[in-house]
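Student: One structure, as structure tokens, below. Some questions next.
The values are calculated or read from the model by the stated rules, or taken from the named source; none is laboratory data. Everything quoted here is computed from the prediction, not taken from an experiment. With ideal geometry, Cβ positions are generated from the backbone for all residues, glycine too; neighbour counts draw on all protein chains shown. Surface areas here come from the heavy atoms of the whole protein model, side chains and all, with no ligands, DNA or RNA. Shrake-Rupley method; radii C 1.70, N 1.55, O 1.52, S 1.80 Å.
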Amino acid sequence: MKHTAKRLASFLAGVAFATTAIAETELTVYTAVEAEDLARYAETFNQSHPDIKINWVRDSTGIITAKLLAERDNPQADVIWGLAATSLLLLKSEGMLEPYAPAGVESLDPKFVDGDNPPAWVGMDAWVASVCYNTVEAEKLGLTPPTSWKDLTDPMYAGHVIMPNPNSSGTGFLDVSSWLQLFGEEGGWEYMDALHENIARYTHSGSKPCKLAASGEIPIGISFAFRGAKSKADGAPLDIIVPSEGVGWDMEATAIVAGTANLAAAQTLVDFTVTKEANEMYNTGYAVVAYPGIAKPVEHFPEGLLDAMIDNDFEFAANNRAAILEEWQSRYDGKSEPKS
């Protein structure tokens, strides 16, 4: 009887140890993914990997990028899951990413994969700039809809436009870097000088200008197309305008932080991020995903948007990021909303 009790106690101790071991692998994951999506990301991953717990650190693109750079000599993150490719190119140039070719990476569209072998990062999805235009509020103010970026400098829009601050928002930065590519360096800053005259304020979130337009707080929000389509599907009186000059875009991407003490678990997570299952999950929040054939049509997604995507020079954007942001800050930051 004593032997049986001992064996049972030993068995239960083993079960307890195994249960503890299963829960012991924790990953600190830095992300700029919309907060409303994070629980779904973790839940989907944990269905196949219950032994790895994700501890999210979430903020806007610019703030997460600055945090990673500040922690360069003492990294706190294990994985970056959902940060602009332009930011990851910068981190790569600083030697802060652990190259890794996740299982199945060859199935992704090549433009979503870093060119090195093994790649330093892999893409997830893309988001594309657009203008959210509240037809009801605009009509009250006697406005006519813009058809181009340059239309937004018309004095009739003074105080009626909101856009993201590029220092904190990836959407804001893709706007600014795309204008510098579309109009040239001198022309780009001249355009932003004129646009600034009409800006009511700069937000610290890329989706917020569209959300504010959807709620009627402002008639025009420079944001990204999927946010507009989602708000329109929820009943907001929005037109999603694709400016005629073309639109900037960026991709969310994933990488392992160099020096992580949890490399095996980090690799397991990155393996998951390139799967069909993960890309189907991204498609509920983004119209363009890295895995070909996965993306389904999105209700209210504007026609012609994908054709309007500029031939984005990611290297230009990454290599000149600091100088662009410093110049923008010196010119326009006076209209930025307070940081919460």
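Student: Restricting segment 46-97 to residues that are open to solvent by 60 Å² or more (accessible area, probe 1.4 Å) and of a type in the set (Asp, Glu), which is farthest from the chain's Cα centre (by Cα)?
Tutor: Asp51
Student: For segment 211-229, give me the residue count where each residue is free of Cβ contacts under 8 Å to residues at least 12 places away in the same chain and either in contact with a Gly (Cβ under 6 Å, 6 or more places away or on another chain) or crowded, with 22+ Cβ neighbours inside 10 Å (or both).
Tutor: Number of matching residues: 0.
Student: Here's a follow-up. Closer than 30 Å to Ser148 by Cβ, in a helix (DSSP H, G or I) and open to solvent by less than 30 Å² (accessible area, probe 1.4 Å): is that true of Ile324 in this structure?
Tutor: Yes.
Student: For residues in segment 32-78 being in contact with a Lys or Arg (Cβ under 9 Å, 6 or more places away or on another chain) and outside any loop (DSSP other than H, G, I, E, B), which is farthest from Gly206 (Cα to Cα)?
Tutor: Asn46
Student: Got a sec? Which of Asp175, Asp116, Asp78 is at negative phi, touching a helix residue (DSSP H, G or I) at 6+ places or on another chain (Cβ under 7 Å), in contact (Cβ under 8 Å) with a residue 12 or more places away in the chain and charged (D, E, K, R)?
Tutor: Matching residue, one of Asp175, Asp116, Asp78: Asp78.
Student: Would you be able to say whether some residue in segment 256-264 is within 16 Å of the chain's Cα centre (by Cα), assigned to a helix (DSSP H, G or I) and touching a residue at least 40 places away in the same chain (Cβ under 8 Å)?
Tutor: No; the residues of segment 256-264 include none that is within 16 Å of the chain's Cα centre (by Cα), assigned to a helix (DSSP H, G or I) and touching a residue at least 40 places away in the same chain (Cβ under 8 Å).
Student: I would also like to ask the following. Yes or no: segment 231-248 includes at least one residue that is free of Cβ contacts under 8 Å to residues at least 60 places away in the same chain and either closer than 19 Å to Asp151 by Cβ or open to solvent by 10 Å² or more (accessible area, probe 1.4 Å) (or both).
Tutor: The answer is yes, given that some residue of segment 231-248 is free of Cβ contacts under 8 Å to residues at least 60 places away in the same chain and either closer than 19 Å to Asp151 by Cβ or open to solvent by 10 Å² or more (accessible area, probe 1.4 Å) (or both).
Student: Same structure again: Considering segment 180-210 alone, what residues qualify as being of a type in the set (D, E, K, R), within 28 Å of Ile64 (Cα to Cα) and without any contact (Cβ under 8 Å) to a residue 24 or more places away in the chain?
Tutor: Glu185
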